[in-house]
Amino acid sequence: MKALFLNGPNLNLLGTRQPEVYGRQTLADIEALVRARATELGVEIDFRQSNHEGELVTWIQEARGRFDAIVLNAAAYTHTSVALRDAIAAVSIPTVEIHLSNIHAREEFRHRSLIAPVCRGQISGFGFQSYLLGLQAVVTLNERS
Ligand code: CA2
């Protein structure tokens, strides 16, 4: 099985500020943890980050036929992006939405996710563990399909 991990804007800054909200790990640290678990599970992964909405849309489109699942932390685009939502709906690849923080326990504007209705599920609030839970979720979805 092949899983694509996509990370949205500002997640390249992880580990530098707001550790009380996002934890102390850098995105590279999280990637290493995900890679280690993926190896144990026999899953091939690609792990990417972009600050550009269009690049994320392109990567979702290009995932068709190449990946069995997507694990997506769309960051701020979660709350704004019709383009990402349409791309996820268009490719029909099982997608799991993840967040480090609990978006429902934060500011009102973070409570709404435009991508949630086109994702298979949402994992929010477990810090870097959200990535490992996201990996487990797509493995489980793949076994069921
Ligand atoms: O909790 C999450 O994973 C979020 O997707 C993170 C986004 C935020 O806009 C979402 O509402 C929830 C923000 C990522 C920015 O990360 C930073 C890390 C360090 C310093 C500044 C920003």
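The values are calculated or read from the model by the stated rules, or taken from the named source; none is laboratory data. Because the structure is predicted, anything quoted here is derived from the model rather than measured. Glycine also receives a Cβ, built like all others from the backbone with ideal geometry; neighbour counts cover every protein chain displayed.
Couple of notes before you dig in:
- Count of the stretch 112-145 residues, restricted to those that are hydroxyl-bearing (Ser, Thr, Tyr) and buried (at least 17 other Cβ atoms within 10 Å of the Cβ), is 4.
- Residue match in the stretch 41-54 (condition: over 18 Å from Thr140 (Cα atoms), small (Gly, Ala, Ser) and modelled with pLDDT of 95 or more): yes
- Being touching a residue at least 12 places away in the same chain (Cβ under 8 Å), assigned to a strand (DSSP E or B), surrounded by fewer than 21 Cβ atoms within 10 Å (Cβ to Cβ) and among the aromatic types (Phe, Trp, Tyr) is a description that does not apply to Phe109.
- Meets criteria (under 14 Å from Thr95 (Cα atoms), touching a helix residue (DSSP H, G or I) at 6+ places or on another chain (Cβ under 7 Å) and among the aliphatic types (A, V, I, L, M)) for Val43: no
- Leu72 being surrounded by 20 or more Cβ atoms within 10 Å (Cβ to Cβ) and at pLDDT 95 or above: yes
- Residue match in the stretch 91-104 (condition: assigned to a helix (DSSP H, G or I), within 16 Å of the ligand (Cβ to nearest atom), over 20 Å from Gly23 (Cα atoms) and in contact with a strand residue (DSSP E or B) (Cβ under 9 Å, 6 or more places away or on another chain)): no
- One residue stands out in the stretch 15-44 among those that are within 16 Å of the chain's Cα centre (by Cα) and free of Cβ contacts under 8 Å to residues at least 60 places away in the same chain: the one that is farthest from the ligand (Cβ to nearest atom), namely Glu44.
- Pair list, Cβ < 8 Å and 6+ apart or interchain, from the stretch 1-14 residues that are at positive phi to residues that are within 13 Å of the ligand (Cβ to nearest atom) and in a helix (DSSP H, G or I): Asn10/Ala75; Asn10/Ala76
- The stretch 130-145, subset of a type outside the set (Val, Ile, Thr) and either under 12 Å from the mean Cα position of the chain (by Cα) or assigned to a loop (DSSP other than H, G, I, E, B) (or both), residue farthest from Glu31 (Cα to Cα): Ser145
- Test: residue in the stretch 52-64 that is more than 18 Å from Asp86 (Cβ to Cβ) and buried (at least 19 other Cβ atoms within 10 Å of the Cβ): no
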